[in-house]
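First up is the structure itself, then whatever we jot down about it.
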Amino acid sequence: MFDPETTEQSDLREGRSPWHSDGVASPFRPLAQNISCDVLIVGAGISGALMAEHLTALGHDVVLIDREEPGRGSTVASTAMLLWEIDRRLGFLTDRIGFERAANIYRYSYRSVAGLAALVQEQAIACDFTLRPSLYLAAEEVGARALMDELALRHRAELPGAFLGHADLLGTFGITREGALLSPGSAEADPLRLAHGLLTRALSRGARLFHDEAVRYESLGRRAGVTLASGHSIEAGAVVLATGYVLPDIVRSDLHDIGASWALATPAQAPAALWRERALIWEASEDYLYARTTADGRIVIGGEDEDGMTDAPERAAKGPAKAAALLGKLATLRPQAEIAADMVWSGVFGRTSDGLPLIGEVPGHPRLFAAYGYGGNGITFSYMASRIIARLIAGHREPWYEDVALDRAAP
Ligand SMILES: Cc1cc2nc3c(=O)[nH]c(=O)nc-3n(C[C@H](O)[C@H](O)[C@H](O)COP(=O)(O)OP(=O)(O)OC[C@H]3O[C@@H](n4cnc5c(N)ncnc54)[C@H](O)[C@@H]3O)c2cc1C
């Protein structure tokens, strides 16, 4: 059911998702004067929040700005399956950049979920964070043989996982497919409470948060400046762009485009209707179906992606048909579940043609850093971005950062 009270809240999503938060305990006002800081973060979604938590832990004086309420961009629409598996298989990336480089990024992604789990625990962030296995289903042209080849590459990269053939998959998960990869080490969370919890930690260490919009960016030698819609400006040692799918004009990439995805949450299910270990389910197709469960026992299922679709009313108009399609897929996936939509929503997100994020310096704009293009495992990449950009700000660079750089070649 669409909730008319919330449909106007944002141009980035429509409908109502199951995530709830008491918000961030901070006045949220426009800037009243020009200020300076060590690092300015533009965008207070999950990417900006992870960046702010990490940089304040390192001792930086951080300012965040957002033109909307924190977390109300793609973050609140996210189904928050925190996968270490990347949208593009290790086999695809190996063909493109070679096994060692591809395996390195996959391993870093694996460690990013583990790092996020440790951070949530250390900082005692209440966000229903739970480690889950993932179940990657054969689909379309990716059958059992292709999954076994992928698993062999993952094992060579020292990544975990096991292949389930048709009979095993049917026996353990009740799912009829040619096969699947079952892998430990992923997780789920409430993305809004996660973002707000991280922001609250950053604010408690002195970070400042303002309700304002960045309208112009400039490099000033060893510093950078941002002009805001309020007319004031912020000068910083570094500026991190964490504006979600909305790329400012100074950021150009041939790899980046925008997609919309639809999701629904069922009512709370009887425990027997939920599958083994409540694994995070997704499938080996370009526009994949994805499913997880929530702490209160709902099934969340999403997919039906389309290109573009930044217009919220246009997405809302498609909502009923998308929900019907998702319910049909849920009936096939989990016939014993209550096949009903309690909440339906959609959102927009940035993605790239090679499945890797866009993280690093903005070419031609010293002291400006970007964190974009995350695709389906966006939150894992947001964590990765926060660590890479903190290292770059400190003047450290590793050769493999080139594999996620904004100016890498398109496939
Ligand atoms: C339906 C759906 C399902 C998804 N499922 C998953 C999933 O299961 N797992 C996963 O990892 N990822 C998933 N994603 C992707 C994930 O949600 C995104 O990668 C992630 O939320 C991006 O976070 P962000 O902070 O970079 O962007 P956002 O959350 O969009 O935050 C960007 C912020 O920047 C602000 N902003 C923009 N421009 C300006 C400006 N000029 N000045 C000031 N502020 C500005 C915006 O107001 C916004 O608050 C999904 C996305 C959608 C839409």
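Rule-based calculations on the coordinates, nothing more; no lab input. The structure presented is a predicted model; accordingly, all values stated were derived computationally and were not measured. Please note: Cβ atoms are built from the backbone with ideal geometry, for glycine as well, and neighbour counts cover all protein chains shown.
Structure notes:
- Total formal charge among the other residues, if their Cβ is under 14 angstrom from that of L330, Lys/Arg +1 and Asp/Glu -1: +1
- By the helix-only formula, in which each DSSP H run with n ≥ 4 contributes -39500 (n - 2.57) and the sum is divided by residues, the chain has a 222 nm mean residue ellipticity of -9500 deg cm²/dmol.
- Remark: segment 264-281, residue by residue, has Karplus-estimated 3J(HN,Hα) of 9, 10, 7, x, 4, 9, 5, x, 5, 7, 8, 8, 4, 6, 6, 4, 7, 9 Hz, where x stands for each Gly or Pro and the curve is 6.51 cos²θ - 1.76 cosθ + 1.60 at θ = phi - 60°.
- Of all DSSP-defined beta bridges confined to the chain, some 70% are antiparallel rather than parallel.
- Amide H contacts of E283 (H built 1.01 Å from N, under 5 Å, at least 5 apart or other chain): L137, L289
- The calculated FRET efficiency for the pair E100 and A321, based on their C-beta separation and a Förster distance of 35 Å, comes to about 0.20.
- Under Karplus coefficients 6.51, -1.76 and 1.60, residue-wise ³J(HN,Hα) of segment 129-143 in Hz, glycine/proline x: 5, 9, 5, 9, x, 10, 10, 9, 8, 4, 7, 6, 7, 8, x
- Kirkwood estimate for segment 156-284, i.e. one over the average of 1/r between Cα atoms, Å: 20.3
- Degrees separating the helix 99-122 axis from the principal Cα axis of the chain, which is the longest one: 80
- For segment 249-407, dividing the convex hull volume of the Cα atoms by the residue count gives 137 Å³ per residue.
- Lys/Arg +1, Asp/Glu -1 at C-beta; segment 196-303 dipole; positive extreme among H256, A295, V240: A295
- Per-selection Kirkwood Rh - segment 60-189 (Cα, Å, 1 d.p.): 16.7
- Debye, to nearest 20: dipole size of the chain, +1 on Lys, Arg Cβ, -1 on Asp, Glu Cβ: 940
- Couplings for segment 290-306, taken from phi via the Karplus curve 6.51 cos²θ - 1.76 cosθ + 1.60 with θ = phi - 60°, read 9, 8, 8, 10, 10, 4, 8, x, 7, 9, 10, 10, x, x, 6, 4, 9 Hz in order; Gly and Pro are left as x.
- Fluctuation leader among G376, G59, G395 - the chain, Gaussian network, Cα springs under 10 angstrom: G395
- At 0.890 mPa s and 25 °C, Stokes diffusion of the chain via Kirkwood alpha-carbon radius, µm² per second: 114
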